[in-house]
Amino acid sequence: MLAYNIDHVAIAVRDLDDAIERYRTLYGVEAIRREIVADQGVEEAMLPVGGSFVQLLAPLGADTPVGRFLQVRGEGLHHVAFAVADINQALAHLETEGARLIDRQPRRGGGGARIAFVHPKETAGTLIELVEHDDG
């Protein structure tokens, strides 16, 4: 059996500076990392909350996945990310179970992690990201 933990919950925002300040003011959390992930068309900030993170995502343009998400749905929950020890094993398991995958092979995400997405139709309309951190 594969073990999953919540790595982060991603929230799409229009203004990253404003969102970071709101989380600082309301919840007393500070961004520990902020970076542009050009491949995904976002600027992200990671805020530690308990044993996981809130990831704030701002689009680099309207024609990016998060930009289109904001146009259709507005600000809010974008995806939930599960930490996995072996992303290749997790993807193989999901494929064996017939899950619809957005990524059949991992790609690089924020912080250099290996990531892959599972189609939201598999989980009641919620986009799921798998995350394997390079702890070495």
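Results, tabulated for the structure shown:
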| item | result |
| --- | --- |
| Helix-only CD estimate at 222 nm, as mean residue ellipticity for the chain, using -39500 (n - 2.57) per DSSP H run (n ≥ 4) | -7000 deg cm²/dmol |
| Label point distance in nm, Asp15-Ala92, each placed 7 Å from Cα along Cα→Cβ | 4.8 |
| Simple spin-label estimate for Leu77 and Asp134 in nanometres, 7 Å along Cα-Cβ | 3.2 |
| Prolate/oblate/rounded label for the chain (Cα gyration tensor, a/c 1.5) | prolate |
| Extension gain from Arg104 to Leu60, taking 0.36 nm per residue of separation minus the Cα-Cα distance | 13.3 nm |
| Taking region 56-136 and dividing mean pair separation by its residue count, relative contact order in percent (alpha carbons under 8 Å, at least six apart) | 28 |
| Contact order normalised by residue count of the chain, Cα under 8 Å, 6+ apart, percent | 24 |
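Only the coordinates and a few stated rules stand behind these numbers; no lab work does. Keep in mind it's a predicted model, so treat the numbers as computed, not measured. Quick reminder, even Gly has a Cβ in these numbers, built from the backbone with ideal geometry, and neighbours come from all protein chains shown.
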